[in-house]
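Engineer: I have a structure I would like to understand better, so I am pasting it below and will then ask my questions one at a time.
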Amino acid sequence: MIPRLYVPVELKPGLVFPAAERAAHYLRNVMRRNVGDPIILFNGRDGEFAAEITEASKRVVEMRVGPQRRAQMGVPDVWLCFAPLKKDAVDFLVEKATELGVAAFQPVITQHTSATRLNLERLAANAIEAAEQTERLTLPEIRQPLSLRDMIAAWDPRRRIILCAEAGPAAPIATALSELQPSVSISNAWAIVCGPEGGFARSELDLLSNLPFVTPVGLGPRILRADTAALTALAVFQSILGDGALRPPAPLVPIGQLPA
Ligand code: SAM
């Protein structure tokens, strides 16, 4: 397995630079890689590059960038607005939603939200690791938490909301999203909004469901955990309105097998 790493640097062929502590530790101590070993680098903006290790010591792990192997490719413009959950659930949610191609996480504090403290740094690190493993070329944005009211007050109505509504009127998600397809708004910007463990307050569901840019959707007859619900909605979204029809890119040719 060729290590694939996110590096926040301008990537261009020939560049030689030292790995930051996290990457150096991973390459040297976890993956036990050495000089000449191939690696894959991406920075979230310029696509993906073959690269190789040029120095591997206790002091430094240096890498040389080779040719670009994949052009930059984004993900659909879909946000996940989720109520903070207990630590393990939110770590799981961020990892899996990153794999499922979410563009941004917007934590939203609702009336029944119990966990209000979020370690955004840890969530960003989780997202980077998930993006490395899932071969994404972008990183999802992790935003500062907002109250539901503040979020809606500042909302751009061109971004349609798919509201996971465990109560009240709601069409089955697959039907609702298929019907949205023909009238996709020009900005083609989306958000999935999901409630906390304690669910939405009825007044919140009423407030949201009456907004013209909100489509309440049902996720079936069972009450799903908040992380399950968010991931279910995101997976269905990608299949119907997102990039679910695309195929993974052809496997990379490691630097050692590059044509001369
Ligand atoms: N009120 C319940 C409770 O106290 O456990 C359930 C809340 S549920 C765990 C958390 C969120 O997941 C809900 O607010 C809703 O956004 C979403 N959700 C769960 N099951 C759903 C379903 N069958 N249809 C639509 N949304 C659902």
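Engineer: Starting from the Cα of Lys86, draw a straight line to each of the lysines and keep only those under 21 Å, dropping any in the same chain fewer than 8 residues away.
Structural biologist: Straight-line reach from Lys86, under 21 Å: Lys96.
Engineer: In addition: Summing +1 for each Lys or Arg and -1 for each Asp or Glu, what net charge is found among the other residues whose Cβ lies under 10 Å from the Cβ of Gln133?
Structural biologist: That sum, taken over residues with Cβ under 10 Å, equals -3.
Engineer: Follow-up. Each residue of segment 143-156 in order: what ³J(HN,Hα) in whole Hz does its phi give by Karplus 6.51 cos²θ - 1.76 cosθ + 1.60, θ = phi - 60°, with x for Gly and Pro?
Structural biologist: Computed from phi, the couplings for segment 143-156 are 9, 5, x, 10, 6, 4, 4, 5, 4, 5, 4, 9, 6, 7 Hz.
Engineer: Connecting C-alpha atoms closer than 10 Å in a GNM of the chain, tell me which of Ala167, Ala104, Ala124 has the biggest fluctuation.
Structural biologist: In the Gaussian network model the winner is Ala167.
Engineer: Still on this structure: Could you provide, to the nearest whole Å², the per residue accessible area of segment 192-254 with probe 1.4 Å?
Structural biologist: 49 Å²
Engineer: Follow-up. Pick from Ala83, Ala23, Ala153 the residue whose mean-square fluctuation is largest in a GNM of the chain, springs joining Cα atoms under 10 Å.
Structural biologist: The residue with the greatest mean-square fluctuation here is Ala153.
Engineer: When the C-alpha atoms of segment 27-177 are aligned to their principal axes, what extent does each axis show, in angstrom, from largest down?
Structural biologist: Cα spread of segment 27-177 along its principal axes, largest to smallest: 60, 31, 26 Å.
Engineer: Restricting to DSSP loop positions (anything but H, G, I, E, B) with no more than 14 other Cβ atoms inside 10 Å of their own Cβ, which trypsin sites (Lys or Arg not before Pro) remain in segment 111-168?
Structural biologist: For trypsin sites (Lys or Arg not before Pro) across segment 111-168 that sit outside H, G, I, E and B with at most 14 neighbouring Cβ atoms in 10 Å, the list reads Arg117, Arg158.
Engineer: Next question. Thinking of segment 149-225 as a set of Cα atoms, what percent of all their pairs are more than 16 Å apart?
Structural biologist: 48 percent
Engineer: Can you give me the % of accessible surface on the chain that is carbon or sulfur? Probe 1.4 Å, all protein chains present, nothing else counted.
Structural biologist: In the chain, the share of accessible area belonging to carbon and sulfur is 55 percent.
Engineer: In Å², and per residue, what accessible area does segment 40-154 have when probed at 1.4 Å with the other protein chains present?
Structural biologist: For segment 40-154, the per-residue accessible area is 45 Å².
Engineer: Let me ask you something else. On average over all directions, what projected area in square nanometres does segment 1-77 have, based on the convex hull of its Cα atoms?
Structural biologist: 5.2 nm²
Engineer: Any number yet on Rg/Rh for segment 49-127, C-alpha, Kirkwood?
Structural biologist: That ratio equals 1.16.
Engineer: Could you work out how far apart the two model spin labels at Arg222 and Asp88 are, taking each label as a point 7 Å from the Cα in the direction of the beta carbon, and quote it in nm?
Structural biologist: Each label point lies 7 Å from its Cα, and together they span 1.8 nm.
Engineer: Here's a follow-up. If you wrap a convex hull around the alpha carbons of the chain, what volume per residue comes out, as a whole number of Å³?
Structural biologist: Hull volume normalised by residue count: 140 Å³.
Engineer: Given springs between every Cα pair under 10 Å in a Gaussian network model of the chain, which of Leu27, Leu211, Leu80 has the largest fluctuation?
Structural biologist: Leu211
The values are calculated or read from the model by the stated rules, or taken from the named source; none is laboratory data. Because the structure is predicted, anything quoted here is derived from the model rather than measured. All Cβ positions, even for glycine, are placed from backbone atoms using ideal geometry, and neighbour counts span all protein chains on display. We work out accessible area using only protein heavy atoms, side chains counted, and drop any ligands, DNA or RNA first. Shrake-Rupley method; radii C 1.70, N 1.55, O 1.52, S 1.80 Å.
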